[in-house]
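Here is the structure we will look at.
Laboratory data are not the source of any read-out in this text; all were calculated from the coordinates shown. Computed from a predicted structure; not experimentally measured. Backbone-built Cβ (ideal geometry, glycine too); neighbour counts: all protein chains shown.
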């Protein structure tokens, strides 16, 4: 059987966590990983460095961001030794548009007899703004206080660079602007993932 690493990705507050958990609950033999679990450790780094807690700061960019991604991916690669699917809930907003990064990740997955699936969560920016306010998280403080500046740097475009027409499940689009879209996208993603798992058996 060919195993799968599923990355559920999008800009923040598009609904990744809800969708990731819903997918993980419906699939079989899944290890669920959330990059936000590492925030507890990252907050301590801010404290030790005597830096204000700001996940949009230069300090975060230089000393924390990439290491969080490296850590969660290494955990995923290790977990693939023991189960069929590992699902990571994380934005990966830069990484999925960097084909050098993607190709290196695919090479590592080949060693685990695994393939890469990216689930891109598509949500309108005004709905993202509303959801970010509603979740009331300290990780969003700077973003909400500087919304225009923040949203101008967000890329909501589908990462078409990942889509190989010959591969059915390399890029799945999960529309999440309302409940109807959510249910339709959930059924479609599950069907494709289950079908491709069966074909690889």
Quick one: if the Förster radius is 30 Å, what FRET efficiency do residue 93 and residue 1 give, using the C-beta to C-beta distance and rounding to 0.05? 0.45
Which whole-number percent gives the relative contact order of the chain, counting Cα pairs below 8 Å spaced six or more residues apart? 33
Helix-only estimate, please: 222 nm mean residue ellipticity of the chain, summing -39500 (n - 2.57) across DSSP H runs of length 4 or more and dividing by its residues, to the nearest 500. -14500 deg cm²/dmol
Based on other C-beta atoms within 10 Å, arrange 7, 193 from fewest to most. 193, 7
Förster radius 41 Å - calculated FRET efficiency between residue 54 and residue 188 (Cβ-Cβ, nearest 0.05): 0.60
Crossing angle, helix 125-135 versus the chain [Cα axis fit, 0-90 degrees, rounded to tens]: 70
Kirkwood hydrodynamic radius (Cα pairs, Å) of the chain? 17.7
Dimensionless Rg/Rh of the stretch 110-154 - Kirkwood Rh, Rg from C-alpha atoms: 1.21
Could you put 148, 164 in order, starting from the residue whose Cβ has the fewest other Cβ atoms within 10 Å? 148, 164
Degrees between helix 179-199 axis and first principal axis of the chain (Cα, 0 to 90, nearest 10): 40
Relative contact order for the stretch 1-99: what is it in percent, counting Cα pairs under 8 Å that are at least 6 residues apart? 54
Between residue 175 and residue 137, what FRET efficiency follows from the Cβ-Cβ distance if R0 is 22 Å, with the result rounded to 0.05? 0.40
Dividing the Cα convex hull volume of the stretch 79-135 by residue count, how many Å³ per residue is that? 101
Pairs of Cα atoms under 8 Å, at least six residues apart: use those to get the relative contact order of the stretch 105-198, whole percent. 35
Whole-Å semi-axes of the stretch 1-66's equivalent ellipsoid (Cα gyration tensor): 30, 13, 11
Find the eigenvalues of the gyration tensor of the Cα atoms of the stretch 35-75, then list the square roots of 5 times those eigenvalues as equivalent ellipsoid semi-axes, largest first, in whole angstrom. 18, 11, 8
Using only Cα atoms, locate the centre of the stretch 39-113 and the centre of the stretch 137-168, then give the distance between them in Å, rounded to an integer. 16
